[in-house]
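**Student:** Before I ask anything, let me first share the structure, which is written out below as structure tokens.
The values are calculated or read from the model by the stated rules, or taken from the named source; none is laboratory data. If you're wondering where the values come from, they're calculated on a predicted model, not measured in any experiment. Cβ atoms come from the backbone with ideal geometry, glycine included; neighbour counts cover every protein chain shown.
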Amino acid sequence: MGDYSRTSATLAAFNQQLPPGWKQSLPLPFTPPDDIHPDSRSRLPLINGPAPAPAPGSFSNSLYGRELAPKGTGPTSIRRHGAGLQSLEGSVGRKTIDVAILVSAREHDAEYDWTINELAAVRDGLDPAIIDVVRNRKPVAGLAEKDAGLIEFGRELFGKHYVSSGTYSRAVKLFGERDLVDLVDVMAQHSREAAFLAAFDQHLPAGQKPLLPIP
């Protein structure tokens with residue numbers, strides 16, 4: 001279930017739609033935007049050529065290795081547009097990755113994930129004002145454009161389960177497709193972590209004060 005939380009976030013961020021002629025089986029409370037490529041049926045262009053070999057023992061890849069996702073669609077095809085965490089850190093810096101993690105933790109009300117990663121973000125030098133905006137769901141006015149765009153992207157993704165065309169277009173202009181794919185993967189992985197932490201009632205280490213206000 002945690003793995004599919006990650007998958008659903010990835011699919012929603014890039015507006016992955018069904019192939020032509022496929023019947024929609026799940027009623028949705030919204031109409032997905034139409035900003036997709038006709039071949040990939042997502043916001044990302046189709047990458048031709050064989051898909052990379054699944055990692056040994058990969059749970060996600062074993063599920064999608066059963067030909068469930070039509071060629072050129074699905075989370076594996078989307079992630080092919082990224083370059084991985086090391087590339088992302090070299091491109092956008094650790095503090096931007098911290099923002100992505102904190103937005104995901106906040107939108108899932110994940111106390112453990114938030115507190116551990118707020119402490120890490122402070123060590124990385126992330127501006128306390130940015131942490132405060134994310135923690136307390138304040139407006140992003142006054143923040144740097146990249147921080148504001150990433151926070152609004154994450155709030156839409158996890159709050160509405162889709163990302164509007166305008167919000168997506170802004171994020172692509174700010175980060176480019178490659179880095180946006182990797183930032184979404186960071187957020188999606190922490191969506192997966194939030195499911196595990198909640199399911200098994202993970203508490204903070206003894207003596208650690210919770211840093212996220214949860215009703």
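**Student:** Mind counting the residues in the range 3-42 that are aromatic (Phe, Trp, Tyr) and under 14 Å from SER164 (Cα atoms)?
**Tutor:** So the answer is 2.
**Student:** Applying the selection to the range 192-210, what residues are over 22 Å from the mean Cα position of the chain (by Cα), among the hydrophobic types (A, V, I, L, M, F, W, C) and within 12 Å of ASP113 (Cβ to Cβ)?
**Tutor:** LEU204
**Student:** Of the residues ASN61, ASN48, which single one is loosely packed, with under 10 Cβ neighbours inside 10 Å and modelled with pLDDT under 90?
**Tutor:** Only one candidate qualifies: ASN48.
**Student:** Take the range 89-140 and flag every residue that is in a loop (DSSP other than H, G, I, E, B) and at negative phi.
**Tutor:** Residues satisfying the conditions are HIS108, ALA110, LEU126, ASP127, ASN136, LYS138, PRO139, VAL140.
**Student:** Taking SER91 as the residue in question, decide whether it is surrounded by fewer than 20 Cβ atoms within 10 Å (Cβ to Cβ), modelled with pLDDT of 95 or more, under 25 Å from SER165 (Cβ atoms) and touching a helix residue (DSSP H, G or I) at 6+ places or on another chain (Cβ under 6 Å).
**Tutor:** yes
**Student:** Residues in the range 67-78: is at least one part of a helix (DSSP H, G or I), under 13 Å from the mean Cα position of the chain (by Cα) and under 18 Å from THR10 (Cβ atoms)?
**Tutor:** Within the range 67-78, one or more residues are part of a helix (DSSP H, G or I), under 13 Å from the mean Cα position of the chain (by Cα) and under 18 Å from THR10 (Cβ atoms).
**Student:** Taking only pairs six or more apart or across chains, which ones have beta-carbon atoms under 9 Å, a first residue in the range 151-164 that is at positive phi, and a second residue that is at pLDDT below 95 and surrounded by fewer than 22 Cβ atoms within 10 Å (Cβ to Cβ)?
**Tutor:** Close Cβ pairs satisfying both conditions: HIS161/LEU28; HIS161/PRO29; HIS161/PHE30.
Table: residues versus (1) more than 22 Å from ALA194 (Cα to Cα); (2) of a type outside the set (A, V, I, L, M, F, W, C); (3) crowded, with 16+ Cβ neighbours inside 10 Å; (4) without any contact (Cβ under 8 Å) to a residue 24 or more places away in the chain.
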site: PRO70; (1), (2), (3), (4): yes, yes, no, no
site: LEU102; (1), (2), (3), (4): no, no, yes, no
site: TRP114; (1), (2), (3), (4): no, no, yes, no
site: GLU118; (1), (2), (3), (4): no, yes, yes, no
site: ARG135; (1), (2), (3), (4): no, yes, yes, no
site: ALA144; (1), (2), (3), (4): yes, no, no, yes
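So that you can scan it fast, the table gives a plain yes or no per residue for (1) out of contact with any Pro (no Cβ under 9 Å at 6 or more places or on another chain); (2) assigned to a helix (DSSP H, G or I); (3) buried (at least 16 other Cβ atoms within 10 Å of the Cβ):
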| residue | (1), (2), (3) |
| --- | --- |
| PHE153 | yes, yes, yes |
| GLY159 | yes, yes, no |
| THR167 | yes, yes, yes |
| LEU174 | yes, yes, yes |
| VAL186 | yes, yes, yes |
| ALA198 | yes, yes, yes |
| GLN202 | yes, no, no |
